[in-house]
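A.B. asks: Structure incoming, see below.
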Amino acid sequence: MAIIGSGPSGFYAAAALFKQKDLNVQVDLYDRLPTPYGLVRFGVAPDHQKLKAVIRVYEKVAGREGLRFFGNVHVGCDVTVEELELHYDQIVFAIGCETDRKLGIPGEDLEGSHTATEFVAWYNSNPGYIDRAFDLSCKRAVVVGIGNVAMDVTRILVKDPDALANSDIASYALEALRKSGVEEVILLGRRGPAQAAFSPREIQEIGGLEGVDLIVDPKEAELDEVSRTSLQPDAKNNVEYLTAQSKLGEGSKPQKVRLRLCVSPVEILGDNGRVTEVKIEKNELRQEESGYIRSVGTGQYETLSAGLIFRSIGYHGVPLEGLPFNEKRGIAYNKEGRVTDSSGSIVPNKYVVGWIKRGPTGLIGTNKRDSSATAEKMLEDIAGKKAPLDPQKTPEAVDQMLATKKLKVVTFEDWKLLDKQEVDKGTRLGKVRDKFLTVAEMMEAIESARSAG
Ligand SMILES: Cc1cc2nc3c(=O)[nH]c(=O)nc-3n(C[C@H](O)[C@H](O)[C@H](O)COP(=O)(O)OP(=O)(O)OC[C@H]3O[C@@H](n4cnc5c(N)ncnc54)[C@H](O)[C@@H]3O)c2cc1C
């Protein structure tokens, strides 16, 4: 079997396949980068190191007999899905959602208006984003969206850089944050406190930051009639916390995070091509027949001055040839993990897990259940058949296919060589890890470690 993508969902899918006893499973795990772990390495915030300990679980999976890691192989570029189909009985797509949703408002592309995706990838040393520039000289930044990614972006902007220094944050990002002039971040949420997407722990972490006041307008913290009558138990924590926070007023700490609720940006305004203001519209909430509470513009506008905007309204999948893609939802067409075409007919032997299956929601652990569910379908589909299902589809034939393409494939042992060097570099700098920045540097480091034996 081939699994494309070595983020959490890819590893959990491999783990679930190895768990069953009936088949002798052989898994090749591909990643376009030389490094495994997807967003655990390039998404999860550098000051959330404890969460990154989950890679110990993935290391165990990688050590299973029958698993091969093929890093630095971009499926769709270096190898096509069609070619992989010739070599594997089943293919699992675990490619995540690597781009962002658009706001679709005027001024979105002005200089100084960025996606959260870019900023996150930049401070986490993702090789594709290390040369991005963020002008942090302004006093006020606006973050559009109030999910957990928006919380990460906000925290990184206002947190004391000294408190990030020993993490695995990119050194250039730390340097830029040290020079940052940002004193205030305004967070914009289109609905109310009961619908806020952040988890209580994330907003409370911001409220608890040293030197930072979290300001909530008491009127905006109040529940409207619709939300009060349909308040879900899991929203209670946020509502209570925001109510308490709204009573604290402005505070006198040097950094401010201002949470605005029931507002939507309608236009980003600029001067000389650069962001200067955001026009927002006040919303009211209405309940649809389905029970969903929707925001509706009221026609009341306000303008906020800002030098920097981060749009954090959700990630979106990237189409891959050979995987039917629902552009509207930004995920692969699938029925419980089995890939389908746009009309809903099953496409044999192709499966999806993780964000590309269900969209960009859920924590790392959510992918475990989700990958196991897909693995069950895969096993159901080959139940009663004996491995190897197709004697032509051998590991050696895959090796030959990759060799003829002259790809510089990174094995898991190669990754461990890189991993050690990053940790050693970090130790010398007083950091948990100092990541390599480019693929070329990584390949060079692997080469020299290999030749040093
Ligand atoms: C900014 C941010 C912060 C987060 N913080 C937390 C947190 O604190 N706690 C938590 O529990 N969860 C957090 N999450 C959520 C968590 O990261 C996701 O649930 C999880 O990573 C999704 O796993 P995935 O395997 O579907 O995708 P990913 O982790 O995105 O993995 C996809 C992998 O596929 C590879 N790939 C893509 N296309 C190809 C291709 N064509 N060929 C080969 N390889 C390919 C990519 O390189 C990548 O390695 C965060 C997410 C983000 C975005």
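A.B. asks: E376 to D162: FRET efficiency via 1/(1 + (r/R0)^6), r the Cβ-Cβ distance, R0 41 Å, to the nearest 0.05? Walk me through the intermediate numbers first.
C.D. replies: On the way: r = 48 Å, r/R0 = 1.16.
So, using R0 = 41 Å, E works out to roughly 0.30.
A.B. asks: Quick one: grab Rg to one decimal and Dmax as a whole number for region 49-143, Cα atoms only, in Å.
C.D. replies: 19.0, 56
A.B. asks: Tell me, what is a quarter of the convex hull surface for the C-alpha atoms of region 159-211, in nm² with one decimal?
C.D. replies: On the way: hull surface 19.4 nm².
If you wrap the Cα atoms of region 159-211 in a convex hull and average its projections, you get 4.8 nm².
A.B. asks: For D399, what accessible surface area do you get with a 1.4 Å probe? Give it in Å², rounded to 10.
C.D. replies: 70
A.B. asks: Normalised by the residues of region 243-381, what does the relative contact order come to in percent, with Cα pairs under 8 Å and at least six apart? Mind dumping the intermediate values first?
C.D. replies: Details: 193 pairs, mean separation 18.2, N = 139.
Across region 243-381, relative contact order equals 13 percent.
A.B. asks: Continuing with this model, one more query. Could you give the C-alpha radius of gyration of the chain expressed as a fraction of 2.2 N^0.38 Å, taking N as the number of residues it contains? Walk me through the numbers before you get to the answer.
C.D. replies: Values: Rg = 23.5 Å, N = 453, 2.2 N^0.38 = 22.5 Å.
For the chain, the normalised Cα radius of gyration is 1.04.
A.B. asks: Apply the Karplus curve 6.51 cos²θ - 1.76 cosθ + 1.60, θ = phi - 60°, to the phi angles in region 77-90 and return the couplings in whole Hz, x for Gly and Pro.
C.D. replies: Whole-Hz 3J(HN,Hα) from phi for region 77-90: 10, 6, 9, 8, 4, 4, 5, 5, 4, 6, 10, 10, 6, 9.
A.B. asks: Which order, highest average first, do 35-48, 208-221, 292-305 follow once you tally other Cβ atoms within 10 Å for each residue and take the mean per peptide? Intermediate values should be presented prior to the final figure.
C.D. replies: Working: 35-48: 21.4, 208-221: 16.4, 292-305: 13.3.
Put in order of decreasing packing, that is 35-48, 208-221, 292-305.
A.B. asks: Go through region 196-204 residue by residue and turn each phi into a ³J(HN,Hα) via Karplus (6.51, -1.76, 1.60, θ = phi - 60°); whole Hz please, and just put x for glycine and proline.
C.D. replies: So the Karplus estimates, Gly and Pro as x, are 4, 7, 5, 7, x, 4, 5, 6, 5 Hz.
A.B. asks: Something else about it: Using the C-alpha atoms of region 120-240, what convex hull volume per residue, in cubic angstrom, is computed? Could the numbers behind the result be given before it?
C.D. replies: Working: hull volume 14.3 nm³, N = 121.
Each residue corresponds to 118 Å³ of Cα convex hull volume.
A.B. asks: Per the Debye formula with a single identical scatterer at each Cα and no solvent contribution, what log10 I(q)/I(0) holds for region 324-453 at q = 0.10, 0.13, 0.20 Å⁻¹?
C.D. replies: Debye output, listed in q order: -0.59, -0.91, -1.08.
A.B. asks: Under 11 Å from the 7 Å Cα→Cβ point of N24, by amide nitrogen: which residues of region 375-411?
C.D. replies: 387-388
A.B. asks: With just the Cα atoms defining each centre, how far is region 211-244 from region 95-168? Give it in Å.
C.D. replies: The distance from the Cα centre of region 211-244 to that of region 95-168 comes to 26 Å.
A.B. asks: If you don't mind, another one. Please give the peptides 12-20, 441-449 ranked by average Cβ packing (other Cβ atoms within 10 Å per residue), highest first, as a rough proxy for protection.
C.D. replies: Working: 12-20: 22.1, 441-449: 16.8.
The densest-packed peptide leads the list: 12-20, 441-449.
A.B. asks: Please tell me which of these pairs span more than 24 angstrom C-alpha to C-alpha: K179/K282; K19/K60; K21/K357; K159/K236?
C.D. replies: Numbers: K179/K282 34 Å; K19/K60 13 Å; K21/K357 26 Å; K159/K236 27 Å.
Over 24 Å Cα-Cα: K179/K282; K21/K357; K159/K236.
A.B. asks: With an 8 Å Cα cut-off and a minimum separation of 6 or more residues, compute the relative contact order for the chain in percent. Intermediate results must be reported in sequence, preceding the final value.
C.D. replies: Working: 884 pairs, mean separation 98.3, N = 453.
That works out to 22 percent.
A.B. asks: Roll a 1.4 Å probe over the protein chains and send me the accessible area per residue for the chain in Å².
C.D. replies: Values: 21110 Å² over 453 residues.
So the chain comes to 47 Å² accessible per residue, rounded to a whole number.
A.B. asks: While we're here: So what is the relative contact order of region 1-61, in percent, for Cα pairs below 8 Å that sit 6 or more residues apart?
C.D. replies: Numbers: 55 pairs, mean separation 25.7, N = 61.
Dividing the mean separation by the residue count of region 1-61 yields 42 percent.
A.B. asks: So, R0 is 60 Å and r is the distance between the beta-carbons of D390 and T298; what FRET efficiency does that work out to, to 0.05?
C.D. replies: On the way: r = 61 Å, r/R0 = 1.02.
Efficiency for this residue pair is about 0.45.
A.B. asks: Taking the mean number of other Cβ atoms within 10 Å as a proxy for protection, how do you rank 52-58, 181-187 from highest to lowest? Walk me through the numbers before you get to the answer.
C.D. replies: Details: 52-58: 15.3, 181-187: 20.1.
By packing density, highest mean first, the sequence is 181-187, 52-58.
A.B. asks: What's log10 of I(q)/I(0) for region 220-316 at q = 0.14, 0.15, 0.19, 0.22 Å⁻¹, Debye sum over Cα points only, no solvent?
C.D. replies: -0.74, -0.84, -1.19, -1.31
A.B. asks: Given bins 5 angstrom wide, list per bin the percent of all Cα-Cα distances in region 392-448, short to long.
C.D. replies: 4, 18, 20, 19, 14, 9, 8, 6, 3, 1, 0
A.B. asks: Could you pull the Rg and Dmax for region 198-257, using just the Cα atoms, both in Å?
C.D. replies: For region 198-257, the Cα radius of gyration and maximum Cα-Cα distance read 12.3, 38 Å.
A.B. asks: What is the Cα centroid distance between region 9-74 and region 268-307, reported in whole angstrom?
C.D. replies: 40
A.B. asks: Per DSSP helix of 4 or more residues, -39500 (n - 2.57); summed, then divided by the residues of the chain. What does that give at 222 nm, rounded to the nearest 500? The partial results should precede the final answer.
C.D. replies: Numbers: 17 runs with 151 residues, N = 453.
Calculated mean residue ellipticity at 222 nm is -9500 deg cm²/dmol.
A.B. asks: From largest to smallest, what semi-axes in whole angstrom does region 1-93 give when each is the square root of 5 times an eigenvalue of its alpha carbon gyration tensor?
C.D. replies: On the way: eigenvalues 106, 62, 16 Å².
They are 23, 18, 9 Å, listed largest first.
A.B. asks: In whole percent, how big is the carbon plus sulfur part of the accessible area of region 287-421, probe 1.4 Å, protein atoms only?
C.D. replies: Working: 3830 of 7420 Å².
Solvent-exposed carbon and sulfur of region 287-421 make up 52 percent of the total.
The values are calculated or read from the model by the stated rules, or taken from the named source; none is laboratory data. Model, not experiment: these values are computed from the prediction. In this analysis, Cβ positions are derived from the backbone assuming ideal geometry, glycine residues included, and neighbour counts consider all displayed protein chains. Just so you know, the surface numbers come from the protein's heavy atoms only, side chains and all, with ligands and any DNA or RNA stripped out. Shrake-Rupley method; radii C 1.70, N 1.55, O 1.52, S 1.80 Å.
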